[in-house]
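*Asks:* The structure follows.
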Amino acid sequence: VTQGPPALGLVEDPADGDARDRALLAAHVAGDPDAFGTLVGHHRDRLWAVALRTLGEREEAADALQDALLSAYRAAGSYRGDARVTTWLHRVVVNACLDRVRRRQARPTVPMPEQGGSAEPVDKHDALGARETALEIEAALAELPMEQRCAIMLVDVHGMSVEDVASVLGVPAGTVKSRCSRGRARLALSLGHLRNRPEIPPVPPAPGKAQSQGGGA
Amino acid sequence: MTDAAPTHLDLDQLADALAGEPHEHLAGCASCTSRLGELQAAEAGVVAALRALPDPPVPAELADRLSAAFAAGSPLAAARSSVTALPAQAPRRRFLPAAAAAVLLVSGAGLGYALVTGSTSGDDIAASGDSAAGLAAGRGLVQNASGADYADPASVSAALPAVLAGTARAAESMDSTAMRAQPESEDQADSSAELPAPAAAAVPEDPLARLRDPAGLQDCLTAVLPPEEPDLRPRALDYATYQGQPALAVVLPDPEPGKLSVFVVGPDCAAADAKVLSFLRVDAP
């Protein structure tokens, strides 16, 4: 199983854990039974947040995350070191989630889990009850079209670079920027950061909420 | 939705302008320019609020499932599950006990990637229970034998064009080397003492012979192909190796354009247990 040598030139900042992640991944590929679990442990919360915010429904997000991580577990040998490990993991998880969204769309007979609609994405047990604003923001985020939500989640919520997100989503960086900007504008409106002047037409709500195509060149 | 002022930029257009897309209208419209400034200011607040969002903690059940899956040892062990165990279009899966998780996880993982297909490929393929057999045996799928090792991405990439073209034939070398390479652990040696001695075997038994037979192949593909995707057919079959062991690679369409999904299964692949050795997604040549 090949895993080329770590691309040292691409490891920007040791403090962000990428060197550690690469070592863990290499150890996993070499047969260390604990390495992958340790690696996932470092990113689990963040990846869970990605799945939950992308899919908006806990059980499906859990299924998607475990599917994705097991796929990564087995595909670790194909990791080529040209992206940071965390970017690679994000890509696997986001793709698993988007696959599910596409399947939902392809199968109208399958009940569509209620996507936005409420503050559902945030569990009431998440000790966020006091964080009214966080709930509001999560709810507003859940109302965004899927593409915009994904871009904003990765760039703004998780602080990934536009370039990394472009790599994760498989779209040009300009598309990521556009999706982020459009999504932020909608959030600004829905969260009351922006007065809704009558003479400026707001963007009509995307049909089907999260499954719309809205946003992005 | 609204026809209030069609000449002004709508919110998306303003957002695009903010993202750097030039817009002629802005130069001559004080209202929109002002609006753009407001949006810019508001955006900063939105970004700050988003950045402050806490990550929701992983549910304990999910953490347990993941731990169990990764602690289960090799993915091969975890993969010894029937893909068909996954309920088709099921009632939503609930959180499972950890013990069951590892089993279902793997089948789910494969399906999640491999078994979504375009919905229009079933032109002349019967959506019957034996469609897998029809696809595999009767639909002209070539039984490639590329000799590739599907644990080696480079080997797979090199072999894939010929495999897809149905022209990958290295059967002779594959059969013999695969047999010789087959290691037997001590505790298995007794029960497999009947295996032909490599040196003496003029015609070594083909470990994949069962999967070359239409009935055996059907049995295996039943496990690999999802019952709810009757239209899905393999793009190619490759009687190859995985980590030096004989294995069948089933190349499937992938939901992502330009990709292919590959299930690598062992010689014992059967309806009750696909014996998935590996699952990979590769770039289509």
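Nothing in this text is a laboratory measurement; each read-out follows from the coordinates by a stated rule. Just so it is clear, the model here is predicted, and its values are computed rather than measured. Neighbour counts run over all protein chains shown; Cβ positions are idealised from the backbone, glycine included.
*Asks:* When Cβ neighbours within 10 Å are restricted to other protein chains, what is their mean count per residue of peptide A:74-80? If you can, show how the numbers build up before the last one.
*Replies:* Numbers: counts 14, 9, 1, 5, 5, 1, 1.
Mean inter-chain Cβ contacts per residue within 10 Å come to 5.
*Asks:* Under a 5 Å amide H to amide H cut-off, with H placed in plane at 1.01 Å, what residues pair with B:L252 once short-range neighbours are removed?
*Replies:* For B:L252, the qualifying residues are B:R235, B:S261, B:V262, B:F263.
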